[in-house]
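A short reminder: the numbers here are calculations on the coordinates, not readings from a lab. These numbers were taken from a predicted model, which means no experiment stands behind them. Positions of Cβ are backbone-derived with ideal geometry, glycine not excepted, and every protein chain shown enters the neighbour counts.
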Amino acid sequence: MSSNQRVAKKRRGPKAKSISERILRERSLNPIVRIERTYSQRQKIRVLTFLEHYQLLLGTSGTFRTPTQQEAEDRFNIPRRTISEWARKKTEIETAGINTCRRAQAPGGGNETQCWWPELEEKLYKDFLESRGQ
């Protein structure tokens, strides 16, 4: 054997069992539950505006600086990775702004969709009822 050839290291412990030899445990059947959070367009714009325009005082020198994403995370309780994604997609978030529907908290506790054009919504609903009646 030459000095250039590598020798495979022996693995410690017993050899891994094949799938057919393994035992199925009940806990492995439980579904993986991940918390999925969504944020409104208004909340995204609020955080981006904070990052852009808010000024923090630097000590006693009287100078100011813009906040970091970590400080935005602490203030709004939103993961920094999410804030970083929003900062990267800033122009897309700005352009989506006013023409999108937003979710609002209903008095009964559930969510309901509020649209920006209620007159159009009413006309559409009336047209729907007419066509349904026919």
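Of all lysines in the structure, the ones whose alpha carbon falls short of 23 Å from that of residue 9, not counting any fewer than 8 places away in one chain, are 17. Here the Karplus curve 6.51 cos²θ - 1.76 cosθ + 1.60, taken at θ = phi - 60°, turns the phi angles of segment 123-134 into couplings of 5, 4, 5, 4, 4, 5, 5, 5, 5, 6, x, 7 Hz, with x standing for Gly and Pro. Among the trypsin sites (Lys or Arg not before Pro) in segment 11-48, those located in a DSSP loop and surrounded by at most 13 other Cβ atoms within 10 Å of their own Cβ are 11, 12, 15, 17, 22, 25, 34, 37.
Of all lysines in the structure, the ones whose alpha carbon falls short of 16 Å from that of residue 44, not counting any fewer than 8 places away in one chain, are 89, 90. Using the Karplus relation 6.51 cos²θ - 1.76 cosθ + 1.60 with θ = phi - 60°, the per-residue 3J(HN,Hα) values for segment 8-16 come to 5, 6, 7, 7, 7, x, x, 5, 5 Hz, with x marking Gly and Pro. Spin-label model, residue 43 to residue 96: label points 7 Å out along the Cα-to-beta-carbon direction sit 1.3 nm apart.
Multiplying the residue separation of residue 75 and residue 50 by 0.36 nm and subtracting their alpha-carbon distance yields 8.0 nm. Taking all Cα pairs closer than 8 Å and separated by 6 or more residues, the relative contact order of segment 38-97 comes to 33 percent. Cβ-to-Cβ counts within 10 Å put 20, 40 in ascending order as 20, 40, the fewest first.
Filter the GluC sites (Glu not before Pro) in segment 23-85 down to the DSSP loop ones having no more than 10 other Cβ atoms within 10 Å, then list what survives. It would help to have the intermediate numbers written out before the result.
Working: sites: 26, 36, 52, 71, 73, 85; in loops: 36.
Here the sparse-neighbourhood loop sites are 36.
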